[in-house]
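K.L.:
The structure is given below, and queries will be raised subsequently.
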Amino acid sequence: MCVGCAITAASAATGFRSWLQNHHFGWLTPRRMRALTVSAMCAAALVSTVGFSGSTPPPAHATPSATATSQHTSYSAHTP
């Protein structure tokens with residue numbers, strides 16, 4: 001997981017919490033607010049770690065790197 005994804009998810013959860021708090025909903029007691037905050041942070045952590053891989057898979061027809069090939073040939077040149 002990249003740090004940028006984690007920070008973005010946490011800030012989105014914090015923004016959601018602030019939005020709920022500023023609308024003064026009658027059903028939003030301090031206990032429910034705490035539960036929603038924990039739920040939002042957990043959901044943000046799960047989405048940022050499981051939902052986004054952060055990298056692309058290698059192509060199916062990948063060629064060996066040049067350094068691996070040169071190391072292989074240098075070993076074979078020294079072997080009698």
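Every number here is computed from the coordinates shown, using simple stated rules; none is lab data. Quantities reported herein were computed from a predicted structural model and do not represent experimental measurements. We place every Cβ from the backbone using ideal geometry, glycine too, and count neighbours over all the protein chains shown.
K.L.:
Could you give the spread of the C-alpha atoms of region 1-54 along their three principal axes, from largest to smallest, in whole angstroms?
P.N.:
For region 1-54, the Cα spread along each principal axis is 40, 16, 12 Å.
K.L.:
On to the next question. With each pseudo-label sitting 7 Å past Cα toward Cβ, what's the Thr37-Ala6 distance in nm, one decimal?
P.N.:
2.1
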